[in-house]
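Visitor: Please see the structure below; I have some questions.
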Amino acid sequence: MAEEVAAILNPLGTPTGLAVRKYLNDKKVPQLFVGAGATLWGDYAHYPWSIGFQPSYQAETAVYAKYVLTNKPDAKIALFYQNDDAGKDYGNGFKKGLGAENTAKMVVAETTYESTDPTVDSQIVKLKSSGANVLFMHAIPKQAAQAIKKIGEIGWKPDLFFLAATSTSVSSVLKPAGFDYSKDIISSYSLKDPNDPQWKDDKDVIAWQSFMKNYFPEGNLQDQLIVYGYVVAEATVQVLKQCGDDLTHENIMKQAANLDIALPMFLPGIKVKTSPTDYFPVEAMRLQKFNGETWQLFGDTIGND
């Protein structure tokens with residue numbers, strides 16, 4: 001029963017989270033750090049018991065749109081995303097970042113896929129035929145890997161290829177797609193990649209590697225998704241510390257909406273910060289480009305206060 005559950009922690013995905021959001025809010029059970037960046041997870045006014053975690057999809061795509069406007073103002077853009085609330089948030093966010101006038105003249109193709117589609121080959125071929133030289137793609141890991149591979153196989157080489165941060169895992173997306181096909185893809189991230197040589201002597205990364213050795217030795221050290229789970233756990237520990245002995249639903253939610261802390265494995269300058277009117281704990285990111293082996297950060301931190 002609901003009163004026997006302290007909180008639902010980091011449920012994955014917008015559609016699955018939405019399926020229970022109303023129920024959990026009616027029961028006043030914290031839906032804590034939802035593993036999705038749809039803008040609706042910041043709706044503290046209507047759903048005060050549900051809080052997101054990573055940067056919103058619209059904030060992320062606004063960064064990509066700004067990069068296009070600055071570096072390729074004559075771009076012909078194709079948008080490809082999953083046909084659900086999260087995917088639409090990404091697509092709308094990119095267009096919002098471009099602005100209505102630029103969207104009308106720059107977006108030449110837009111198509112979606114269903115999570116149940118066995119392949120996305122036909123959509124990729126259609127997008128290539130549009131003549132687009134800039135591609136933005138949001139897809140879950142399976143379809144992201146399929147799409148990157150297909151793009152490479154048919155010889156489509158967009159001048160700029162943006163991949164949503166939800167599918168940047170080297171081991172579960174880029175490696176299955178093929179490193180040659182994945183080279184030069186641009187994305188964004190907020191966390192340290194333990195595979196990146198620049199962090200090899202970083203104390204947080206060394207501590208994470210020690211944690212993996214002790215508690216998850218069979219885990220894939222190349223999988224950034226494990227780092228993501230680690231930082232969500234760190235954020236949850238902070239909430240519990242702030243709660244003290246008062247582990248009521250009300251106090252757990254109060255403390256989750258009262259965070260201001262730099263946690264291990266976040267990139268320098270990025271903090272977990274919330275308030276009763278700010279339900280997006282992480283709102284800063286850095287652009288990164290895949291060099292064929294690892295992600296390389298470039299540019300300044302974007303989205304800080």
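The values are calculated or read from the model by the stated rules, or taken from the named source; none is laboratory data. Since we're looking at a predicted model, the values are computed, not measured. Cβ: placed from backbone, ideal geometry, glycine included. Neighbour counts: every protein chain shown. Side chains included, ligands, DNA and RNA excluded: accessible areas come from the protein's heavy atoms. Shrake-Rupley method; radii C 1.70, N 1.55, O 1.52, S 1.80 Å.
Visitor: For each pair in LYS76/LYS273; LYS200/LYS271; LYS88/LYS150, compute the distance between the two Cα atoms and list the pairs where it is over 25 Å. Present the calculation step by step, with values, prior to reporting the outcome.
Guide: On the way: LYS76/LYS273 37 Å; LYS200/LYS271 21 Å; LYS88/LYS150 23 Å.
In this structure, LYS76/LYS273 exceed 25 Å between Cα atoms.
Visitor: Here is a further query. Which value in deg cm²/dmol, rounded to the nearest 500, describes the helix-derived mean residue ellipticity at 222 nm for the chain, given -39,500 (n - 2.57) per DSSP H run of n ≥ 4 and division by the residue count? Mind showing how you got there, number by number?
Guide: On the way: 10 runs with 117 residues, N = 305.
Value at 222 nm, helices only, nearest 500: -12000 deg cm²/dmol.
Visitor: To the nearest 20 debye, what is the magnitude of the charge dipole of region 234-285 about its Cα centre, counting +1 on the Cβ of each Lys and Arg and -1 on the Cβ of each Asp and Glu? The partial results should precede the final answer.
Guide: On the way: 4 positive and 7 negative charges, 28 e Å.
Using only the charged Cβ atoms, the result is roughly 140 debye.
Visitor: Heavy atoms of the protein only, probe of 1.4 Å, neighbouring chains included. What is the accessible area of ARG21 in Å², nearest 10?
Guide: Number for this one is 30 Å².
Visitor: Still on this structure, please answer the following. Counting only residues 5 or more places away or on other chains, whose amide H sits under 5 Å from the amide H of PHE161 once H atoms are built in the peptide plane?
Guide: Those lying under 5 Å, H to H, from PHE161 are LEU135, ILE186.
Visitor: I would also like to ask the following. Leaving ligands, DNA and RNA out of it, rank THR301, THR294 by accessible area with a 1.4 Å probe, largest first. Working shown, then result.
Guide: Values: THR301 50, THR294 25 Å².
I get THR301, THR294, largest accessible area first.
Visitor: Something else now. Could you compute how much accessible surface TYR181 exposes when probed at 1.4 Å, giving the result in Å² to the nearest 10?
Guide: In the full protein context, TYR181 sits at about 90 Å².
Visitor: Here's something else I'd like to know. Could you give the angle, 0 to 90 degrees to the nearest 10, between helix 203-215's Cα long axis and the longest principal axis of the Cα atoms of the chain?
Guide: So the inclination is approximately 70 degrees.
Visitor: Using +1 at the Cβ of each Lys and Arg and -1 at the Cβ of each Asp and Glu in region 179-278, identify which of MET265, SER182, VAL232 lies farthest towards the dipole's positive end.
Guide: MET265
Visitor: With +1 on each Lys and Arg Cβ and -1 on each Asp and Glu Cβ, and nothing else charged, work out how big the dipole of the chain is about its Cα centre, in Debye to the nearest 20.
Guide: On the way: 29 positive and 35 negative charges, 144 e Å.
Here the size comes out at about 700 debye.
Visitor: Report for the chain the percent antiparallel among DSSP-assigned beta bridges with both residues inside it, nearest 5. Don't skip to the end; give the middle numbers.
Guide: On the way: 13 of 32 bridges.
Rounded to the nearest five, the antiparallel share is 40 percent.
Visitor: Counting pairs of alpha carbon atoms under 8 Å apart in space and at least six apart in sequence, what relative contact order in percent does the chain give?
Guide: The normalised contact order for the chain reaches 17 percent.
Visitor: Under a 1.4 angstrom probe, counting protein chains only, how are THR39, THR236 ranked by accessible area, largest first? Numbers along the way, then the final one.
Guide: Numbers: THR39 55, THR236 20 Å².
I get THR39, THR236, largest accessible area first.
Visitor: Taking the Cα atoms only, what angle lies between the long axis of helix 57-71 and the longest principal axis of the chain, rounded to 10 degrees?
Guide: That works out to roughly 40 degrees.
Visitor: Using +1 at the Cβ of each Lys and Arg and -1 at the Cβ of each Asp and Glu in the chain, identify which of TYR215, GLN198, LEU12 lies farthest towards the dipole's positive end.
Guide: Farthest along the dipole direction, towards plus: GLN198.
Visitor: Could you put PHE280, PHE80 in order of accessible surface area, largest first, with the 1.4 Å probe and the full protein assembly present? Can you show the working numbers first?
Guide: Values: PHE280 35, PHE80 0 Å².
Reading off the accessible areas and sorting them downward yields PHE280, PHE80.
Visitor: In debye to the nearest 20, how big a dipole does region 1-116 give about its Cα centre with +1 on each Lys and Arg Cβ and -1 on each Asp and Glu Cβ? Walk me through the numbers before you get to the answer.
Guide: Details: 11 positive and 12 negative charges, 67 e Å.
So the dipole magnitude of region 1-116 works out to roughly 320 debye.
Visitor: Using Cα positions and a limit of under 14 Å, work out the aspartates and glutamates in reach of LYS128, with same-chain residues fewer than 8 apart set aside.
Guide: Once the sequence-local aspartates and glutamates are set aside, what remains near LYS128 is GLU110, GLU153, ASP159.
Visitor: Right, another one. Step through the residues of region 41-55 one at a time and calculate ³J(HN,Hα) from phi using the Karplus curve (6.51 cos²θ - 1.76 cosθ + 1.60, θ = phi - 60°), rounding each to whole Hz and writing x for Gly and Pro.
Guide: Karplus values, whole Hz, x for Gly and Pro: 6, x, 7, 5, 6, 9, 10, x, 9, 10, 10, x, 9, 6, x.
Visitor: What is the packing order of peptides 243-252, 119-128, taking the mean over residues of other C-beta atoms within 10 Å and listing the highest first?
Guide: Result, highest mean first: 119-128, 243-252.
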